[in-house]
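Comments concern the structure below.
Just so it is clear, none of the values below were taken in a lab; they were calculated from the coordinates. Quick caveat: nothing in here was measured; it's all calculated off a predicted structure. Heads up, the Cβs are rebuilt from the backbone with ideal geometry, glycines too, and the neighbour counts pull from every protein chain shown.
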Amino acid sequence: MKHYWDEDAPSAVGRIHSFQSMGAVDGPGMRCVLFLQGCPLRCAYCHNPDTWVYEGGVATTAQDEARRILRYRPYIRRGGVTVSGGEPLGQPEFVAELFGRLRQEGLHTALDTSGVGGRDAAAQVLEETDLVLCDIKFPTEEGYQAHTGGSLAAVLGFLEQVRERRIPLWIRHVVVPGLTDGEASLRQVGRLAQAYPTLEKLELLPFRKLCVSKYDALGIPFPLEGAPEMDAAGLAHARELLQKEGLPVG
């Protein structure tokens, strides 16, 4: 198959945790989803602790991953490709090149990120990004520091870059009983989301504990093992609350 890029040019190396050929929840339409290795955060409700270390996963090149993805073009041509993690901004050269190659082939690109990685890394990737899915984990600096080891200020800095480039935006937020499901906290998340003019959707995701077996296998305690999962009624209440605030809740 002929491609629009130079087959002999050097290609950035990345580390892939896993590949999903037919994803339907990480962006519009049917999509290929790449989960990258490595993440600087340690979120209390993280479902993929096996992605934390950058040394894991499988080494590959952006060119080889583009070739693999293009085999699915008949199925994803009305959807696209999403790169998730781990944290994709931890491998900016790889993601930027991969997205650039795919856009040359007419495919839609989506970045699923926590917004951490630094301004330069974000600028490099956003140059080739059609849609940003950004997870706002907590609406306060204190919440971020206590439960992720990260900083809300860094995420807001990333979102400012998204605003400057006018990239369509979905904001995601995991609703955890007793931690992020309070009405005041949810309204704070809503106010943060409303600040971005390209916001298309606010996704509220229910906290689940399917990840416990991964923590057990790695010998790591799961910080929220004693917390209940988010039930349908609680999630519906959270969605209704933010819909009444005029937010495009999905």
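How big is the gap, in Å, between the Cα center of region 99-146 and the Cα center of region 82-96? Answer, in whole Å: 8. The length gained on full extension between Arg78 and Glu160, counted as 0.36 nm times the residue separation minus their Cα-Cα distance, comes to 26.7 nm. Rounded, prolate or oblate: which one fits region 1-157, using the alpha carbon gyration tensor with axes a ≥ b ≥ c (rounded when a/c is under 1.5, else prolate when a/b beats b/c, else oblate)? It comes out prolate by the Cα gyration axes. The calculated 222 nm mean residue ellipticity attributable to helices in the chain amounts to -10000 deg cm²/dmol, summing -39500 (n - 2.57) over DSSP H runs of n ≥ 4 and dividing by all residues. Sites listed here are trypsin sites (Lys or Arg not before Pro) in region 62-153 whose DSSP assignment is loop and whose Cβ has at most 16 other Cβ atoms within 10 Å: Arg71, Arg77, Arg78. Stretching the chain fully between Ile167 and Asp64 yields a gain of 34.4 nm (0.36 nm per residue, less the alpha carbon separation). Among the cysteines of the chain, Cys32, Cys39, Cys134, Cys211 have no other cysteine beta carbon within less than 4.7 Å of their own.
Pairs of lysine residues in the chain that meet both criteria, 8 or more places apart or on different chains and Cα atoms under 26 Å apart, total 6. Each Cα pair under 8 Å and six or more residues apart adds its sequence gap; the mean of these over the residue count of the chain is a relative contact order of 16 percent.
Taking the DSSP beta bridges in the chain as the whole, what percent of them are antiparallel, to the nearest 5?
In the chain, DSSP labels about 25 percent of beta bridges as antiparallel.
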